[in-house]
Amino acid sequence: MKKGLSYSNWNEKTSFRLYFTLDASVLGRELCVLLLTLACQNLPFSDGSRNIAKVIPPLHLTGGGSRSGAMTNLARRFRLVPIQVILFLAALFCFVMWQRSKKVNLEAKWQEIRDEELKKYQGMREVSLDFIRHAGHVDYRIEDLGEDELNGMNETQLMVTVHSFLDNADAICKRRIRMGSLNVGGWEICDDDLVRPKQPPCLVYSFGAPERFAFEDDISRVYKCEVHAFKVDMEGGDYNRSDLIFVHPFGVGKYTEITPAGKELYTFGDIRTILNHKKRNIDVVKLDIEYAEWSALYNMLDEEELDNVRQVLVEYHLGALPSEDRLRRMLRILRGMSKAGFRKFYVHKSPKGSFHHPNFPVVRSKSYEIHYLNQNYLKKKDKKYDDEEDEEDEEEEEDEDEEK
């Protein structure tokens with residue numbers, strides 16, 4: 001029996017005959033094509049009406065049996081319903097079912113990929129949770145990791161330490177407010193009293209993501225912060241996106257240089273000098289610069305440029321299988337951030353690029369969004385407030401003595 005659609009002229013009206021087998025996949029595909037075709041064209045009935053009854057008479061369903069009768073009875077129930085309504089609902093149903101089938105196919109494909117990856121490691125012993133609990137640092141105790149111990153670690157120990165540390169928070173933020181999108185491009189701001197951006201004149205540095213401004217727009221609008229967005233891949237010169245958002249066509253790096261690709265980079269300290277911000281506290285620094293965060297943070301820590309920064313938001317890119325030397329360099333940066341007083345109040349694994357490795361019993365991410373608050377900065381503020389309270393108490397005692 002012939003499969004497919006055939007259109008013919010019938011009494012100067014556009015009609016159709018649908019031939020099909022009862023194969024579900026063929027029927028579903030051709031039904032969607034038919035409905036979309038009808039929905040996108042005008043049916044030129046002689047009386048100008050758009051009624052499903054005009055289509056029902058020439059509709060012949062071949063396949064036999066009770067199914068054909070059931071479909072005919074169903075069609076008769078809707079003889080008085082405008083065809084546009086029927087076509088719209090049917091097309092919507094087809095679209096939903098098509099999307100569901102795509103999701104199922106993606107899940108099946110993901111399972112196949114994961115099974116193939118696991119086959120690579122057959123015969124290798126997967127590390128246990130007890131090993132992860134013992135070897136994986138999750139908090140500030142990473143500061144105690146000495147160079148001799150770090151250099152003596154094998155690949156498994158390095159992988160477990162890096163992923164364990166990045167996957168766990170070690171500070172509490174009682175109130176978080178998300179700036180920007182709920183998906184890609186959004187970041188959490190800790191709104192606790194001592195660490196929240198001061199309103200105004202708070203100062204924010206945002207590096208990366210040249211095509212997105214949702215984070216910058218929100219934090220300038222909500223906190224009234226002065227925001228400097230650094231878009232190294234942007235064409236053109238500096239410009240003002242708004243009264244509070246200033247966009248610059250250069251980025252941050254380990255050195256001040258023009259790269260072979262023609263990108264203009266400055267060290268963090270040089271950027272602060274250029275913008276005349278050396279003596280200003282910075283409330284938030286965001287780094288989303290695609291693997292360049294490691295070298296940029298190395299310079300920031302080495303030059304102690306983060307001492308007066310309240311919060312640092314950074315996306316760490318690891319890749320699937322970094323070498324042992326690269327893992328050690330990553331751990332040195334993470335250890336340096338912890339020694340500088342930065343604590344993770346929120347962590348998020350990117351679902352893109354997840355992978356399975358025998359060094360971990362569960363799926364890992366190739367990148368982590370880490371949200372830091374500066375614990376040392378908070379301690380300085382606590383001390384300042386304590387000193388202010390002591391001064392107030394002394395003034396009250398002096399007033400009481402004078403009254404006596």
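The values are calculated or read from the model by the stated rules, or taken from the named source; none is laboratory data. Owing to the predicted nature of the structure, the values given are computational and were not obtained by experimental measurement. Counting neighbours? That spans all protein chains shown, and the Cβs are built from the backbone with ideal geometry, glycine included. Quick note on the areas: whole protein, heavy atoms, side chains included, nothing else; ligands and nucleic acids left out. Shrake-Rupley method; radii C 1.70, N 1.55, O 1.52, S 1.80 Å.
Couple of notes before you dig in:
- Subset tally (residues that are assigned to a loop (DSSP other than H, G, I, E, B) and either open to solvent by 10 Å² or more (accessible area, probe 1.4 Å) or in contact with a helix residue (DSSP H, G or I) (Cβ under 8 Å, 6 or more places away or on another chain) (or both)) for the stretch 216-232: 3
- Looking only at the stretch 244-284, and only at residues there that are of a type in the set (Gly, Ala, Ser) and at negative phi, the one that is most open to solvent (accessible area, probe 1.4 Å): ALA261
- Positions within the stretch 271-324 being assigned to a loop (DSSP other than H, G, I, E, B) and basic (Lys, Arg), in sequence order: LYS278, LYS279, ARG280
- Scanning the stretch 179-215 for residues that are part of a strand (DSSP E or B), modelled with pLDDT of 90 or more and of a type outside the set (Ser, Thr, Tyr) gives MET179, TRP187, GLU188, ILE189, CYS190, LEU203, VAL204, PHE207.
- Residues satisfying the stated conditions in the stretch 307-322, i.e. within 21 Å of the chain's Cα centre (by Cα) and among the charged types (D, E, K, R): GLU315
- Listed by first and then second residue, the pairs with beta-carbon distance under 7 Å, at least 6 apart or on different chains, first residue in the stretch 250-278 and closer than 17 Å to VAL204 by Cβ, second open to solvent by 50 Å² or more (accessible area, probe 1.4 Å) and part of a loop (DSSP other than H, G, I, E, B), are GLY251/LYS263; ARG272/LYS278.
- Only residues that are surrounded by 15 or more Cβ atoms within 10 Å (Cβ to Cβ) and modelled with pLDDT under 80 were counted in the stretch 336-368, giving 7.
- Within the stretch 293-318, the set of residues being open to solvent by 10 Å² or more (accessible area, probe 1.4 Å) and more than 15 Å from HIS371 (Cα to Cα) comprises TRP294, SER295, TYR298, ASN299, LEU301, ASP302, GLU303, GLU304, GLU305, ASP307, ASN308.
- Residues (part of a loop (DSSP other than H, G, I, E, B) and among the hydroxyl-bearing types (Ser, Thr, Tyr)) located in the stretch 233-244: SER242
- For the stretch 136-178, a residue qualifies if it is part of a helix (DSSP H, G or I), open to solvent by 20 Å² or more (accessible area, probe 1.4 Å) and either acidic (Asp, Glu) or within 16 Å of HIS357 (Cβ to Cβ) (or both), and the qualifying residues are GLU143, ASP144, GLU147, ASP148, GLU149, GLU155, THR156, GLN157.
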